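K.L.:
I have a structure I would like to understand better, so I am pasting it below and will then ask my questions one at a time.
FYI, it's all coordinate maths here, none of it is from the lab. Just so you know, these numbers come straight off a predicted model, no measurement behind them. Every residue, glycine as well, gets a Cβ built from its backbone with ideal geometry; the counts of neighbours run over all protein chains shown.
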Ligand code: ADP
Ligand code: MG
């Protein structure tokens, strides 16, 4: 049973970045507007995510890290109208099985916060009062200690730095899709990235990419009925000389489906084709800068296909691709036949 537990854990939690992702999503599901992420030794010694969200009710605490416990859905029909990031009740339990976890939490009804120590099976072994205010702080110590993955993935300084960059990119994505969210990322006690609260996606995009980039972007909005699809975001302006200013040497493209950052190869490929047409060269080594926010009815997506939920199954992907293509066509003209 322990082996099964570890196998399934290792599917949800494969890296520092996947721990951060799960904890951020839990904070967002709890309506947090401020999230502080503190890493030590690239997250291997410590990952701490503090939020100012709803907190965890005393009655829910004993089961919070028990496999398949979730406070977010209560029937399979709820999956059809999913509005939260989490729904499987796996993350916290999985993190417990590969690290030492402390959870400090306080709801609006509590007088003070309590810090709980969890064991590897997600049970509470001790608790003590804490001084933190409303919200939840999850502290993950010694991730992957005694697991081969720790030696494999984090063997060199370069790999560690890459992982830190991935954490930052992930936070940038949530920062864009959640304009009113304030995020701080610290590593070894120094703040390495921060995003302030802003009032809309445009300002959020600007605050993470810089005003210069924003000047060369055009906003778009596109709706389709039946199936209902809403697209909005920013794409690079095509200059009169046929150039696109917004090409970056690092990944700066952000696609969201119902507020989830996703990897959609087809959409990226499509956008690239149009970019190559406009610039008349193969820009495959440069990344287009864009923000594409796709909203579809919750019943149209199945986020259950990969454990980290970054691949989603769209029940009418063709329609979505067509909608994206319509936006691209109206901005850049049609692709040559
Ligand atoms: P899921 O997110 O799929 O419900 P998790 O294992 O990530 O599963 O979390 C289990 C439960 O713990 C959640 O359903 C929620 O009730 C509670 N929880 C975890 N993190 C937080 C948080 N930051 N704020 C409030 N509740 C939380
Ligand atoms: Mg979760």
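K.L.:
Mind checking which of 223, 96, 160 has the largest fluctuation in a GNM of the chain, springs on alpha carbons under 10 Å?
P.N.:
223
K.L.:
So how compact is the chain: Cα radius of gyration and Dmax in angstrom?
P.N.:
21.1, 68
K.L.:
Moving on to the next point. What does the extension gain come out to for residue 66 and residue 130, with contour length at 0.36 nm per residue minus their alpha carbon separation?
P.N.:
Numbers: separation 64, 0.36 × 64 = 23.04 nm, distance 2.30 nm.
Using 0.36 nm per residue and subtracting the Cα-Cα distance, I get 20.7 nm.
K.L.:
Quick one: 29, 111, 78, fewest Cβ neighbours within 10 Å first, how do they rank?
P.N.:
The order, fewest Cβ neighbours first, is 111, 78, 29.
K.L.:
On to the next question. Just to be sure I follow: if Rg is taken over the C-alpha atoms of region 89-163 and Rh is the Kirkwood radius over the same atoms, what is Rg/Rh?
P.N.:
Working: Rg = 15.2 Å, Rh = 13.9 Å.
Expressed as Rg/Rh, it is 1.09.
K.L.:
What value, in deg cm²/dmol to 500, does the helix sum -39500 (n - 2.57) over DSSP H runs of n ≥ 4 give at 222 nm once divided by the residues of the chain? Display every interim value, and only then the final one.
P.N.:
Numbers: 9 runs with 104 residues, N = 337.
That calculation yields -9500 deg cm²/dmol at 222 nm.
K.L.:
How long are the three semi-axes of the equivalent ellipsoid for region 1-139, computed from the Cα gyration tensor as the root of 5 times each eigenvalue, in whole Å, largest first? Walk me through the numbers before you get to the answer.
P.N.:
Values: eigenvalues 85, 73, 48 Å².
Computed over region 1-139, the values are 21, 19, 15 Å.
K.L.:
Gain in length, residue 109 to residue 142, computed as 0.36 nm per residue apart minus the alpha-carbon separation, to one decimal in nm? Working shown, then result.
P.N.:
Working: separation 33, 0.36 × 33 = 11.88 nm, distance 3.24 nm.
Full extension of this stretch gives 8.6 nm more.
K.L.:
Give me the percent relative contact order of the chain, please, defined on Cα pairs under 8 angstrom at least 6 residues apart. Walk me through the numbers on the way to the answer.
P.N.:
Working: 642 pairs, mean separation 49.7, N = 337.
About 15 percent, as a whole number.
K.L.:
Relative to the longest principal axis of the chain, what angle (0 to 90°, nearest 10) does the C-alpha long axis of helix 2-12 take?
P.N.:
30
K.L.:
Another one. Determine, for each peptide in 326-332, 69-75, 169-175, the mean count of other beta carbons within 10 angstrom over its residues, then list the peptides with the highest first. Each step should come with its number before you reach the end.
P.N.:
Values: 326-332: 15.9, 69-75: 14.1, 169-175: 21.7.
Packing order, densest peptide first, comes out as 169-175, 326-332, 69-75.
K.L.:
Measure out, as a whole number of angstrom, how far apart the alpha-carbon centroids of region 215-238 and region 150-164 sit.
P.N.:
With region 215-238 and region 150-164 each reduced to a Cα centre, they are spaced 37 Å.
K.L.:
Among 252, 197, which comes first, then next, by fewest other beta-carbon atoms within 10 Å? Working shown, then result.
P.N.:
Numbers: 252 20, 197 15.
Listing 252, 197 from fewest to most nearby Cβ atoms yields 197, 252.
K.L.:
Which percent of Cα pairs goes in each bin when the distances of region 138-237 are cut into 10 angstrom slices starting at zero?
P.N.:
P(r) over region 138-237, rounded to whole percents: 12, 32, 28, 18, 9, 0.
K.L.:
Oh, and also: Test of understanding: ordering 196, 56, 257 by Cβ neighbours within 10 Å, fewest first, what list do you get?
P.N.:
Numbers: 196 13, 56 23, 257 20.
So the residues, fewest neighbours to most, are 196, 257, 56.
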